[in-house]
Amino acid sequence: MIVYIEDTLFENFLITYIILCIIFGFIKEEKHKFRMFFASLFGAGVALIYPIINLSSFFILTLKMCMGYIITLIAYKNSSLKKQIFFFIMFIFITAIYGGINLMLYFCLYGNFESSKKLPTLLILISVGVVTYFIKQCERVIFKKKTLNNFIYDIIINLNSTSIKTKGYLDSGNILCDTTTNKPVVLVNFKMFSKINKDFVVSNLVTQKTNGLKNGHYIEVKTATSNDRLLAFCVDSLQILKKDKTLTILNPTFALTKVKISGLDCDVILNPKLIMEG
């Protein structure tokens, strides 16, 4: 029985600490390791009590929720009640994920939930490691998308009588300038190029003709490994819709990029010089 208590303390302490680390990583706030240690220790101690309490499932669940809130209060003290509640909800949600996985493993191993046996500690630690890995991957994807969204603007491209409202990604890596006018260049993929220049004959790309394009010309692009030529053209205006104002650039230079714009929900790569100059 002593081994069982030691294992239970260790497992619950470790799982609680990992959950708190994940939440602090998600909210992007500084960890309080001293508070996290005591919160995890408290959680591990409380976990020993549940099996010996003879209460209904409803009261056990209520008690666990109360203890969970106390754990989050110990680990994360914030003057904002909204943030405190959000932290608690995250704690309950992730705890439920770990618990659900362990219940599934228990059923797969023993065939029912009535067995008095306990999951091997090694199996619990492996499941915790795997679940933690997937949670961290999801967290990374969420924050990557959130970060990217901070650089995505609503834009309007105007040419002749056509106005196209779409989204443009402000890419600090796009430092391309038109070699003839020294204007910053906005990159578009073929899909957006076709929308803007509806009358352009695609076969002209092979012969490098610029018929049907406003101020159509080619830009020489030099890289460390090769030289390339991008088809460039102008539109009447480009409007970048910012939070506080609308930035309008007259006769901006666009270029058709051969590089696939992947991982972004837009077909336009904006040049940061446009924002700076505006």
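The values are calculated or read from the model by the stated rules, or taken from the named source; none is laboratory data. All figures in this text were calculated on a predicted structure; none of them were measured in a lab. Cβ: placed from backbone, ideal geometry, glycine included. Neighbour counts: every protein chain shown.
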- Query: Which of the residues belonging to segment 98-138 are in contact (Cβ under 8 Å) with a residue 40 or more places away in the chain and not in a loop (DSSP other than H, G, I, E, B)?
  - Reply: 98, 121, 124, 125, 128, 132, 135, 136
- Item | Failed criterion for residue 250 (all others in (1) free of Cβ contacts under 8 Å to residues at least 24 places away in the same chain; (2) in contact with an Asp or Glu (Cβ under 9 Å, 6 or more places away or on another chain); (3) among the aliphatic types (A, V, I, L, M); (4) crowded, with 17+ Cβ neighbours inside 10 Å hold) | (4)
- Scanning segment 23-67 residue by residue, those modelled with pLDDT of 85 or more, buried (at least 18 other Cβ atoms within 10 Å of the Cβ) and of a type in the set (A, V, I, L, M) turn out to be 23, 36, 39, 44
- Picked from segment 205-223 (must be of a type in the set (Ser, Thr, Tyr) and surrounded by 11 or more Cβ atoms within 10 Å (Cβ to Cβ)), the residue modelled with the lowest pLDDT is 210
- Item | Hits in segment 29-62 - residues which are of a type outside the set (Gly, Ala, Ser), assigned to a helix (DSSP H, G or I) and either touching a Leu at 6+ places or on another chain (Cβ under 6 Å) or within 21 Å of residue 10 (Cα to Cα) (or both) | 33, 34, 35, 36, 37, 38, 41, 42, 46, 50, 51, 52
- Task: Quickly run through segment 193-204 and pick out the residues that are in contact with a Gly (Cβ under 6 Å, 6 or more places away or on another chain) and either of a type in the set (Gly, Ala, Ser) or surrounded by 14 or more Cβ atoms within 10 Å (Cβ to Cβ) (or both).
- Result: 200
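Residues checked against (1) under 30 Å from the mean Cα position of the chain (by Cα); (2) over 28 Å from residue 117 (Cβ atoms); (3) of a type in the set (Val, Ile, Thr); (4) in the same structural domain as residue 139 (by TED's automatic domain parsing):
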{"site": "39", "(1), (2), (3), (4)": "yes, yes, no, yes"}
{"site": "46", "(1), (2), (3), (4)": "no, no, yes, yes"}
{"site": "50", "(1), (2), (3), (4)": "no, no, no, yes"}
{"site": "58", "(1), (2), (3), (4)": "no, no, no, yes"}
{"site": "65", "(1), (2), (3), (4)": "yes, no, no, yes"}
{"site": "76", "(1), (2), (3), (4)": "yes, yes, no, yes"}
- Note on the structure: Flagged in segment 180-232 as among the charged types (D, E, K, R), free of Cβ contacts under 8 Å to residues at least 40 places away in the same chain and outside any strand (DSSP E or B), in numbering order, are 195, 198, 199, 209
- Which listed residue is assigned by TED's automatic domain parsing to the domain that holds residue 250, more than 22 Å from the chain's Cα centre (by Cα) and modelled with pLDDT under 85, from 196, 164, 175: 175
- Item | Filter result (touching a Pro at 6+ places or on another chain (Cβ under 7 Å), surrounded by 18 or more Cβ atoms within 10 Å (Cβ to Cβ) and of a type in the set (Ser, Thr, Tyr)) within segment 161-192 | none
- Query: Is at least one residue of segment 83-93 over 26 Å from the mean Cα position of the chain (by Cα) and surrounded by fewer than 18 Cβ atoms within 10 Å (Cβ to Cβ)?
  - Reply: no
- Message: Tell me yes or no: at least one residue of segment 6-20 is among the acidic types (Asp, Glu), assigned to a helix (DSSP H, G or I), at pLDDT 80 or above and assigned by TED's automatic domain parsing to the domain that holds residue 135.
- Response: yes
